[in-house]
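Report on the following structure.
The values are calculated or read from the model by the stated rules, or taken from the named source; none is laboratory data. What you see is a predicted model, and the numbers here were worked out from it, not measured in a lab. Every residue, glycine as well, gets a Cβ built from its backbone with ideal geometry; the counts of neighbours run over all protein chains shown. Side chains are part of the model used for accessible areas, which takes the heavy atoms of the whole protein and leaves out ligands, DNA and RNA. Shrake-Rupley method; radii C 1.70, N 1.55, O 1.52, S 1.80 Å.
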Amino acid sequence: MNHTNGNSQNGSGVFKYPGIPTTADGAAAVAWVETHITQGACAYPITSSTTMGQGYQAEVSNGKENLWGEKLFFLALESEHSSASTCEGFAVAGGRVSNFTSGQGLILMKEVLYTISGKRLPAVFHIGARALTSQSLNVHAGHDDVMGVADCGWGMLFARTAQEAGDLALISRRIAEDSETPFLNIQDGFLTTHTIENVSLPEPEFMKEFIGPPIDKIRNNMDFDNPTMIGVVQNQDSYMKGKISQRYFYDQIPELLNNAMQEFYEATGRKYGLTESYCIEDAEYAFVGMGCYMETAMAAVDYLRSQGHKVGLVNVTSFRPFPGHEIVDALKNTKAFTVLERLDVPSAQSNPLTAEIKSSFADSLTRVKNYPEIDRIPVVFSCSAGLGSRDVRPGDFLVCLKNMIDSKTEDQQRYFSLGIKHATALDVEEDPDLRPEGAFSMRGHSVGGYGSVTTNKVIATIAGDTFGMNVQAYPKYGSEKKGLPTTYYLTIADDVIRTHCELNDVEFIPLNDVNAFKSGNPLKGLSDNGMVFVQTDEEEPEKVWENIPPSSRNILREKNARVLFMDTVKVAREIASDPSLEQRMQGIVLLGIFLKCTPFMEQKNLTEEDIFSSVEKSIRKYFGRRGEQVVSDNMECVRRGFTEIHELPSEMINKMADLELVE
């Protein structure tokens, strides 16, 4: 997505609908759009799509009406198959309906997906793309599920960011109804559905104009005055004619989709296409892919170009319809390109995106109509990366380029994997820090259920809404979540944050987990003059210091780090009116500590009153539905974190004990 600040078509110098600036994750961005433009939704909860359904259901519970004054409904069925079937029934009757699902849930729907597309029902389902249980259970990001339904006759659009997830929800709905073809709006599970970023939410007025009322856009197949025959039984004399005739609908989609995207751009300034090329005009080598790691790829391209390499990328937004001719046109002059995919299909000729691109180049080479004429095909490399949310880092793109330009052909791997130790994997030699200049990052170590992940979201909201900065906040936890180690990340910067990967270089490390020092090196990547917060029930600085392992003390000393400490558990216990919230409230105390000890209040010339006014808005955003007492308790936790945080004297940290000399 390109965001342009130029002149709009109305000549006013600004775009009419630039969006409502705020912070949100991909799930919230989708829920914002769908609760304004649809009439209802059906879903069965499955990670990582659950929060989309929860957001929709919350609005239904609050009695929300859509933009045309119709009360929303939400049905939670007994399975994903049933929820898809219910959506089918609602759409048959002319309703504008939505669904939210992931992983095995999408696969369970597959039987119904064929009938929805065959009946030309313009439903839109929102997917938190997730790895399938093809060798073990994993609830994290993978493209196995969506590729498993790529043959069902649905359009498929892929978002990289929370912004794109919300915008493409709107565009998917528009093109679905324009073409009478159902669409999947896809974002990476957890990595996008749960990542808080700066977004510009579409204005209700714009959504109303862009989409239009359901009654004007959707055919009611149950209208007795205008009967339609669908879903009938057909034999040898009829079935094939009907099936091939459906090409009429699909042939129109590329033009209609481009038109919808252009209209969207003219109103908002946010430009989309079936593909998006970056630095591709003079590129000798390129990366191709879909999903959130293509943001990291953009940062890697900038870095590699600064090192003298002519490299670019092509992000594929539309997998169905597949923009083969656009991809060939973008890549035809490269020497080689690497296709990254978040899955592996070992028995196939190539993984899905790679196979489609190879087929497109074959069509061009053999002069298929409407394809660019070419006399050579660049060398095509294919790799599997990011399966099950495995981290994809800038260094991975650097080694991809090295593999493409390796002068010894026998050393090149045409298929390879990234991010693991395996015979197929490329070893990363350099992994640069590609955060924006002046960025401030935090990596917290906590325990699932302590409220730290929500606190991270609140901090991001304040940084975005109050400090006016770019933010990116996301959690990393296992399938089990509650009671087990959780890592959470936050980056704040003046410039756009492209890198979407785990943070190895950080300025602040909160250790809410008292066992963090025992399970590894939680101080890895701490910057010079950085900060560390230690959760402890000790009140004397000497005791706190003694409980830190000698090896960690050396790191703190070498980094000239500040060490903060406090008993957040005690604070939560003293404040929580509801004992069941004690554990979760210890996390929100960190918000007060963050505001007190980081430089942003001073940099932005904000008073304590300014800050706590903003804090209350954010607390209400996340906890307001739980009642005034919960809001009040959380506010008190934040205030005590702000006023009661302690810091170890620098003299104590810099004093070298005899025990620490023996290492």
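Electrostatic tally near Ala439: other residues with Cβ closer than 12 Å to its Cβ, Lys and Arg +1, Asp and Glu -1, net -4.
The range 429-501 and the range 152-182 have Cα centres spaced 28 Å apart. Rolling a 1.4 Å probe across the protein heavy atoms gives the chain an accessible surface of 42 Å² per residue. Near Thr461: Cβ cut-off under 10 Å, other residues only, Lys/Arg at +1 and Asp/Glu at -1. The net charge is +2. Residue separation of Lys655 and Glu266 scaled by 0.36 nm, minus their Cα-Cα distance, works out to 133.8 nm of gained length.
Split the accessible area of the chain by element, probe 1.4 Å, and carbon with sulfur accounts for 48%. As a length-normalised measure over Cα pairs under 8 Å and 6 or more apart, the relative contact order of the range 370-471 settles at 23 percent. Highest mean packing first, where packing is the average number of other Cβ atoms within 10 Å per residue, the peptides 370-382, 484-496 line up as 484-496, 370-382. In plain terms, the chain from Lys518 to Ser306 could stretch by 72.3 nm, reckoned as 0.36 nm per residue minus the Cα-Cα distance.
For the range 214-340, what are the per-bin percents of Cα-Cα distances with bins 5 Å wide, up to the bin holding the maximum? Histogramming the range 214-340 at 5 Å steps yields 2, 9, 13, 14, 14, 12, 9, 8, 7, 6, 4, 2, 1, 0 percent.
Could you tell me the distance between the Cα centroids of the range 502-551 and the range 15-74, to the nearest Å? Measuring centre to centre over Cα atoms gives 39 Å. Take the Cβ atoms of Tyr622 and Lys64, set R0 to 30 Å, and the FRET efficiency comes out at 0.95.
Using the alpha-carbon atoms, what tilt in degrees (0 to 90, nearest 10) does helix 293-306 show relative to the longest principal axis of the chain? On a 0 to 90 degree scale, this one is about 70.
Rg and Dmax of the range 151-261, based on Cα coordinates, read 17.3, 56 Å.
According to the Kirkwood relation over distinct C-alpha pairs, the hydrodynamic radius of the range 263-412 is 16.0 Å.
In the chain, Rg over Rh equals 0.99, where Rg is the alpha-carbon radius of gyration and Rh the Kirkwood radius from pairwise Cα distances. Pairs exceeding 29 Å between alpha-carbon atoms, taken from Lys110/Lys457; Lys310/Lys559; Lys16/Lys621; Lys16/Lys217: Lys110/Lys457; Lys310/Lys559. Taking label positions 7 Å along the Cα-Cβ direction at both Glu111 and Asp282, the computed distance is 5.8 nm, reported to one decimal.
Using a probe of 1.4 Å on the protein chains alone, the accessible area found for Glu326 is around 50 Å². For the range 361-494, the square roots a ≥ b ≥ c of the C-alpha gyration tensor eigenvalues yield an a/c of 1.5 or more together with a/b exceeding b/c, which makes the shape prolate. For the set Met404, Met601, the ranking by accessible area, highest first and with no ligand, DNA or RNA atoms included, is Met601, Met404 under a 1.4 Å probe.
Within the range 68-103, which residues have the backbone N less than 20 Å from the label spot 7 Å out from Ile215 along Cα→beta-carbon, could you tell me? What the label zone holds, given the 20 Å backbone N cut-off, is 68-73, 90-98. The Cα center of the range 596-617 and the Cα center of the range 346-373 differ in position by 55 Å. Model label points for Thr133 and Ser359, set 7 angstrom from Cα along the Cα-to-Cβ axis, are 3.1 nm apart. Using the rule -39500 (n - 2.57) for each DSSP H run of four or more residues, divided by the residues of the chain, the 222 nm mean residue ellipticity is -12000 deg cm²/dmol.
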